[in-house]
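All of the numbers you see were taken from the coordinates with simple rules; none came from a lab. Computed from a predicted structure; not experimentally measured. Glycine gets a Cβ as well: all are built from the backbone with ideal geometry, and neighbour counts include every protein chain shown.
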Amino acid sequence: MYRTHNCGELRLPDAGKTVTLAGWVQSRRDFGGLTFIDLRDRYGITQLVFSMDEDRALCERARKLGREFVIQATGLVRERSNKNPDRPTGDIEIDVRQLEVLNASKVPPFTIEEQTDGGDELRMQYRYLDLRRPSLQHNIQFRSRLALESRKYLAEQGFLEIETPYLIKSTPEGARDFVVPSRMNPGQFYALPQSPQTFKQILMVAGMDKYFQIVRCFRDEDLRADRQPEFTQIDCEMAFVHQEDILHTFEGLIKHLFKQVLGVRLEDFPRMRYDDAIRRYGSDKPDLRFDMAFEELDDLVKGKGFSVFDEAGLVVGLCLKARAGQMSNKDFKQLTEWVKRPQIGAKGLVYVKFNEDGSIKSTVGKFYDDEALRTWGERFGAGPGDVLFILSGEAEQVRTQLGALRLELARRYDLIPDNVFKPLWVVDFPLLEWDEETGRFHAMHHPFTAPKKEDIHKMESTDRSVLASIRADAYDLVLNGAEIGGGSIRIHDRSLQARNFQLLGFSDEEARRQFGFLMGAFEYGAPPHGGIAFGFDRLVAVMSGSSSIRDFIAFPKNNQGRDMMIDAPAPISAEQLDELGIRIVTPDDSSGR
Ligand code: ASP
């Protein structure tokens, strides 16, 4: 037996027991006749003591142990004279009588402690060492519990866990596919799924009724910060449901997870229409941990001789409460520069500062007198001490810019409370989204999303603005400003699906080639159905109060999509390429390999 207890388990009442522990040497301290070792495993750290007086040879052996050596120690549990209240095992120590070195270790390239001296790349290269650190151990355990509780809840609700294939055919969900060459079928390729979307819909046609899967998805996207080329979804689909049934079932899932894993009881989730989210917060994933909703000012500000506002499509602002006193001219200048950065792209920033003493200071004081500025303030319920920030320009752009400013102000002025969770459903997304670049419509969610019943008649229109106004039975779950889930009711009618493909610019031939299997299945009694998928990595991160998903994935890829530990992607051998019938053509070797 390697151990009788783990390293996080022993307490004062265990004093007097003879125990055997096994683990890694976290640290060693030698003092005169005594040597202390902190022994670590997944469960915690226990202090081992060796004494020269008691057993000189043993103590000398202990003094040769290096960091991360794997050892087994047998000894007596005893009360510590010098207790460590920060550690659950801090009241006891093990007076060691026997020591076995199970394995030696090289000196690790960085310290394996909460505050480590290793840089990102180094820690990813030695991920197995990084994973020994307490915070990562905690993250991986937290993730495992969340997965387990998801399964419990969904099983209880009658969902079946069903696997779908990873080697499939391209499904257009917006991103590029990763492809896998087929040796048996030269010149042909599988694609790795961006999501199991079509399969889960076909499972509904197949009568499975309620499906879920905690599943890996693959998207070959340019990696923006905190995206991974492979990521995990809790993917779900249900038959014979309306939107309301889905929202109810999955609000239940999220509440269950919060209660079981965090001990947090969430109130019913508010709902916000997509249009309202954009109009009020400039984002389809508003962070509701703080308010600062937008107010539109066109009716108050136009026609007073200030051409910037007069010519703008929209003049819209927000109110920062109770910060006027601490804001200097330099702060305003910095914020103005911030919104003018190319990433944000605003032309300028107008502010109105309602000073505590009742005076008003504004960048547009020349055009508007105090009385006018006060009426603007009234729209926000602003009083002394508050500051209005106002942007103007083309409506859609301006809202996005102000949305970014809202988040930036929250960061700068510390408006986001810790340990607060604000979920909401964003509903009534548009079905179609016009893409200026390609001059055609894209599916806002995906091509299988159903229009709202009352908007179906608009599908026959040829008018772009009518088509753009079609709402879908599509919904997102947003938590603390992060989109953590999204889904829709699906089209189950073959002709409506065909019309939707048409609107998305697929020819009949293209639609048949890409989705013939789905359209075919829909001819054999497809039930009404709908579903949702949660970004599991993001959910785990947000529930932990973190914004980085990488810390919650055991083996993540870096910003270039590389696995630094196994060094992938990597070239393959000439033989492998031959077998696959693939020639690599590089720009300076156009004759092929
Ligand atoms: N397949 C969708 C996604 O990955 C989710 C869904 O519609 O169920 O975003």
*Given the Cα atoms of the chain, and with Rh set as the inverse mean 1/r over their pairs in the Kirkwood sense, what is Rg to Rh to two decimals?*
1.05
*Residue by residue through the range 426-443, which ³J(HN,Hα) values in whole Hz follow from phi under the Karplus form 6.51 cos²θ - 1.76 cosθ + 1.60 (θ = phi - 60°), with glycine and proline marked x?*
9, 10, 6, 5, x, 6, 10, 10, 6, 10, 4, 4, 8, x, 8, 7, 10, 6
*Restricting to the chain, compute how many DSSP beta bridges are antiparallel as a %, nearest 5.*
95
*What does the charge add up to near K453, with Lys and Arg as +1, Asp and Glu as -1, over the other residues with Cβ less than 14 Å from its Cβ?*
-2
*Integer Hz, Karplus 6.51/-1.76/1.60 couplings in order for the range 509-518, x for Gly and Pro*: 4, 4, 4, 5, 5, 7, 10, x, 4, 6
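May I ask for the Rg/Rh ratio of the range 145-303, computed from Cα atoms with Rh as the Kirkwood radius, given to two decimals?
Reported Rg/Rh, Kirkwood definition of Rh: 1.07.
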*How high is the relative contact order of the chain, given as a whole-number percent (alpha carbon pairs under 8 Å, six or more residues apart)?*
12
*Between 0 and 90°, nearest 10: helix 243-257 axis offset from the chain longest Cα axis*: 30
*If the cut-off is a Cα-Cα distance under 21 Å, which lysines reach K259, setting aside same-chain residues fewer than 8 apart in sequence?*
K152, K422
*Exactly which chymotrypsin sites (Phe, Trp or Tyr not before Pro) in the range 219-303 are in a DSSP loop and have at most 15 other Cβ atoms within 10 Å?*
F240
*Could you calculate, for the range 424-529, the ratio of the Cα radius of gyration to the Kirkwood radius, expressed as Rg to Rh?*
0.98
*the range 258-376: radius of gyration over Cα atoms, expressed as a fraction of 2.2 N^0.38 Å*: 1.32
*lysines within cross-link reach of K83: Cα-Cα under 25 Å, excluding same-chain residues under 8 positions apart?*
K17
*Return the inverse of the average 1/r over all pairs of distinct C-alpha atoms in the range 223-286, which is the Kirkwood hydrodynamic radius, in Å to one decimal.*
14.8
*Assuming a ≥ b ≥ c are the square roots of the Cα gyration tensor eigenvalues, decide whether the range 1-113 counts as rounded (a/c under 1.5), prolate (otherwise, with a/b larger than b/c) or oblate.*
rounded
*asked:* About the Cα centre, and with charges only on the beta carbon of Lys, Arg (+1) and Asp, Glu (-1), how big is the dipole of the chain? Nearest 20 debye, please.
replied: 1320
*Environment charge at I549 (Cβ cut-off 10 Å; Lys +1, Arg +1, Asp -1, Glu -1)*: 0
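Within a 10 angstrom radius of the beta carbon, how do T586, T249 rank from fewest other beta carbons to most?
In increasing order of surrounding Cβ atoms, one gets T586, T249.
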_With 5 Å bins from 0: P(r) over the range 60-191, alpha-carbon pairs, percent_ = 2, 7, 9, 9, 11, 13, 12, 10, 9, 6, 5, 4, 3, 1, 0
*Excluding same-chain residues fewer than 8 positions from K458, which aspartates and glutamates have a Cα within less than 20 Å of its Cα?*
D275, D428, E433, D435, D473, D493
*Taking H placed 1.01 Å from N in the peptide plane, check which residues at least 5 places from R97 or on another chain put their amide H under 5 Å from its amide H.*
T74, G75, L76
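State the extension gain, in nm to one decimal, for the chain segment bounded by Q141 and E60, taking 0.36 nm per residue of separation less the distance between their alpha-carbons.
On the way: separation 81, 0.36 × 81 = 29.16 nm, distance 3.66 nm.
25.5 nm is the gain from fully extending Q141 to E60.
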*Relative to the longest principal axis of the C-alpha atoms of the chain, give the angle of the C-alpha long axis of helix 395-412, reported between 0 and 90° and rounded to the nearest 10°.*
30
